[in-house]
Amino acid sequence: MRYRSLLLAGIVPIALAGQSLAAPTCTIPGTEAACGDRIVAEPLQSTAYHQFDGPVESVEKSLTAMAALAPDFVTVKPLDEWTGNAEHTSFDGLPIWVVRITDGSVDQADKAQVAASLSVHGLESAGREGGLRYVEDLARWAADDPEHLMYSGDTAVPFSEVMKKTETWIAFTNSDGWAAGDLDSGHAGFNRGNGNGDGALPLLQGGKDLNRDFATVGWFDRTGGRGLAESEPEIAGWATLVRSFPNLKTSTDIHGEITTPNDAFSDLIIPAGEWDPKRQDQVDQLSRNMIKTVERKFVEDGVVLDEVFGPLPEDGATPRQPANVAAAYDIVGYDDSGFMGDWFSQTQDSVHMDVENFLSNLAPNNAYIPLVAQAHVAAVRGNIEATIVEALITDDVVPSADYGRVGYVDDPTRTSSDPAVDDGVPGTGSEVAPGEAQVPYDVSRLDYYGELTEAFGADIEAVQADALATTDLSSFDTLVVTDMDGVPAGSSLSEADYLAALDRFATKGGQLVLTDRAVRLAAGLGAVDAAALTVNRTDAGHVDFLEPLGDHPYEEGLIGKPSQTFYEVMLGYPSRGRTPNYGVERGAWEAAGGTTVATVGDQDASTSPNTALGTMPRGAGQITIFGAILPQAIEKLVLDDGTEIETPHPHGLASYAVTITGGQVLDNVFSFRGVGRTTAETVPDQTGPGKSAANRGNGRSKGAERPTRTAG
Ligand SMILES: [Zn+2]
């Protein structure tokens, strides 16, 4: 997906004439010895990438030979045969090869489906190179080694058991972009898109980008020649097939990159979703298990990164660990609409992981580097295997958290596609394009609080604004104002009385949390000067944690290079530097006695000068600001100069789009215990053992200590 830096592009030429015209492959039974006892030789025994359809080998022949090893387990057909729709070929009319792997003797009704898309960007060959070898692995285990252990993290399940319970679909989703790089094609190399418009500049980036063609929730980019969702036959077919799966559990979409900000060979990217805490933890578990499984495959395949990249510069350009994970903004620095992984996550109820494998993009394109290819294959074996085995264990995830008692200031206003609902913008706020139908929505950011209660019994209650002035709130540890910078709709309170009530809550020992636009209330409360309020507009909602990560309780449980806290696209924001990130100028915040946990700055700026996550003592309690976590979805976008930007959202809007990082930080913030709380049963024994068991997640929380604790 990423090609932000072309640092390495210059060093590797496109494959030259004279290179062998085959991988090689040994598809005729009895000849496998020439390929190291494989149908498709391991990369170190190969001299070229596997050809889509070359003079001496083709994907059809290789996959067909693999299926013949284990016909009761492996079925190979082109997509149009699976869907029964003859239009589901590539744009250029090539077959899209899809493999189904399962124990055919067990009824499908008892199985979980697993889906893997390989090299949907045709020049990112890692997915299909690894996928081809892994399909052969599975076929050989079926034939010769049914008790072979398959792994997701530390969970090992024999192949035979996995096959009884899962049905895995592996798709080679971009035949045109693959065939463009065949050594006898006459084309300059593999192509990113399909054949629809290939030949347009820039070279090798032409054709339609199939990974912008999915019907994702929220802002949907129609500019730059992008069509409606599923306008390309490859994606129309693949989406049709996936929608037919009765019990899809897990999925992956495997890409390639040129640089790795996360210092990993296999950069796992968390997709976007409207996730409750359980789903956050499921995706989190998949990522952690996939990291371990890639590490395992590196060992099994003898891949050592120092050997692979020894000749390359050591100044940060090359990965230092087999795999790591982060959100899209953290890794590639941008978000977008139409991603396959987001579609899986948002619309197919799948626990999904995207993958960017290193040095599998414009460079080296179809120039063959055996050591790198072997690492790609090992990584992809791990990517796919973890996705399959995870399908058996993902439902067992149980989220937990250790919240104090939380009240949130209610807001009755919801954002609706129904014109009869007065949400400030009549109708949807955006026109649908010809051929589109508006998916209805009725959303509120406050719905997230209900999910927290449902997920782990968090003690969270809505508090009506009017009640703030008259009700004893001293049983709450935390009171949160969520993306509101004025008196809530429908309240009869004056602004002064409203602010006084909020202030009273903090000064008497509670934690007043101000999120998103509500950060601006810090000025009304007199905590900082209004001139110190900031808003930075970037692609994603995010915060930049101060180094070292983990030295503040609000950072507990975070891993990798976490930054993104919500998915703006699902909330209607164009991923074009438009998402508001609220904060307070850091110097002013700290001069007023505040502590900074994380900052925020402008998109691509080298500085991050504003406090986005921080605390400030307030009487016996504290004020906490969190400038980017739960903004209300938008139906249109008006810039400061009054310009309106079109924000079509034909596939609906989300109520909330909290990332795993955002969810973890919010958990940490809500674990606050206030002083002088009045309801005994909400202040459990604070000295006894077992607190770690209450920490939420599967390894997300590192320790048993509560982040912020004062005597109750
Ligand atoms: Zn890609």
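The values are calculated or read from the model by the stated rules, or taken from the named source; none is laboratory data. The shown structure was predicted, so the numbers you read here are calculated from the model rather than taken from an experiment. Note that each Cβ is placed from the backbone with ideal geometry, even for glycine, and that neighbours are counted across all protein chains shown.
So the values come out like this:
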| read-out | value |
| --- | --- |
| Test: residue in the stretch 570-580 that is within 25 Å of Phe505 (Cα to Cα) and under 18 Å from the mean Cα position of the chain (by Cα) | no |
| Test: Lys561 is closer than 18 Å to Thr615 by Cα, in the same structural domain as Pro631 (by TED's automatic domain parsing) and among the basic types (Lys, Arg) | no |
| Qualifying strands (runs of 3 or more DSSP E) (wholly inside the stretch 430-545; at least 2 residues being surrounded by fewer than 20 Cβ atoms within 10 Å (Cβ to Cβ)) | 460-463, 533-538 |
| Among residues of the stretch 182-207, those that are among the small types (Gly, Ala, Ser), touching a residue at least 12 places away in the same chain (Cβ under 8 Å) and closer than 20 Å to Pro233 by Cβ, counted | 5 |
| Which numbered condition His352 misses (of (1) within 16 Å of the ligand (Cβ to nearest atom); (2) assigned to a loop (DSSP other than H, G, I, E, B); (3) touching a helix residue (DSSP H, G or I) at 6+ places or on another chain (Cβ under 9 Å); (4) not β-branched (Val, Ile, Thr)) | (2) |
| Index of the failed condition, Ile269 passing every other in (1) part of a loop (DSSP other than H, G, I, E, B); (2) closer than 30 Å to Arg445 by Cα; (3) within 16 Å of the ligand (Cβ to nearest atom) | (1) |
| Tally of residues being within 13 Å of Asp602 (Cβ to Cβ) and out of contact with any helix residue (DSSP H, G or I) (no Cβ under 7 Å at 6 or more places or on another chain) across the stretch 569-587 | 5 |
| Residue ID - nearest to the chain's Cα centre (by Cα), chosen from residues in the stretch 100-136 that are away from the ligand (no atom under 16 Å from the Cβ) and in a loop (DSSP other than H, G, I, E, B) | Lys111 |
| Odd one out for Leu392, checked against (1) within 28 Å of Asp284 (Cα to Cα); (2) surrounded by 15 or more Cβ atoms within 10 Å (Cβ to Cβ); (3) assigned by TED's automatic domain parsing to the domain that holds Tyr554 | (3) |
| The stretch 50-62: number of residues that are part of a loop (DSSP other than H, G, I, E, B) and touching a Phe, Trp or Tyr at 6+ places or on another chain (Cβ under 6 Å) | 1 |
| Answer from Gly218, Gly224 - the residue that is free of Cβ contacts under 8 Å to residues at least 12 places away in the same chain and closer than 14 Å to Asp336 by Cα | Gly224 |
| Enumeration of residues in the stretch 52-85 that are acidic (Asp, Glu), surrounded by fewer than 17 Cβ atoms within 10 Å (Cβ to Cβ) and within 20 Å of Arg38 (Cα to Cα) | Glu60, Asp72 |
| Unique residue being within 16 Å of the ligand (Cβ to nearest atom) and crowded, with 21+ Cβ neighbours inside 10 Å when the list is Asp281, Asp330, Asp253 | Asp253 |
| Filter result for Glu568 (touching a strand residue (DSSP E or B) at 6+ places or on another chain (Cβ under 9 Å) and buried (at least 24 other Cβ atoms within 10 Å of the Cβ)) | yes |
| The stretch 89-118, subset at pLDDT 95 or above and small (Gly, Ala, Ser), residue nearest to Arg243 (Cα to Cα) | Ala115 |
| Qualifying residue in the stretch 297-307 (condition: among the basic types (Lys, Arg), surrounded by 24 or more Cβ atoms within 10 Å (Cβ to Cβ) and more than 16 Å from the ligand (Cβ to nearest atom)) | yes |
| Test for Gly662: is it modelled with pLDDT of 85 or more, at positive phi and not in a strand (DSSP E or B) | no |
| Checklist (1) farther than 22 Å from His651 by Cβ; (2) modelled with pLDDT of 95 or more applied to Ser244, failing item | (1) |
| Odd one out for Thr293 among (1) at pLDDT below 90; (2) away from the ligand (no atom under 16 Å from the Cβ); (3) out of contact with any Lys or Arg (no Cβ under 8 Å at 6 or more places or on another chain) | (1) |
| Any hit, the stretch 514-521, residues being more than 30 Å from Pro574 (Cβ to Cβ) and not polar (S, T, N, Q) | no |
| Selection status of Glu87, assigned by TED's automatic domain parsing to the domain that holds Leu204, within 16 Å of the ligand (Cβ to nearest atom) and in a loop (DSSP other than H, G, I, E, B) | no |
| All positions within the stretch 414-445 that are within 26 Å of Asp276 (Cα to Cα), in contact (Cβ under 8 Å) with a residue 60 or more places away in the chain and within 29 Å of the chain's Cα centre (by Cα) | Thr415, Ser417, Thr428, Gln438, Val439, Pro440, Tyr441, Val443, Ser444, Arg445 |
| Which listed residue, of Ala156, Ala239, Ala188, is within 21 Å of Gly130 (Cα to Cα) and either in a helix (DSSP H, G or I) or away from the ligand (no atom under 16 Å from the Cβ) (or both) | Ala156 |
| Residue check for Ala612: buried (at least 19 other Cβ atoms within 10 Å of the Cβ), in the same structural domain as Gly674 (by TED's automatic domain parsing) and not β-branched (Val, Ile, Thr) | yes |
| Residues located in the stretch 193-221, provided they are more than 16 Å from the ligand (Cβ to nearest atom), closer than 15 Å to Gly177 by Cα and either at pLDDT 90 or above or assigned to a helix (DSSP H, G or I) (or both) | Gly195, Asn196 |
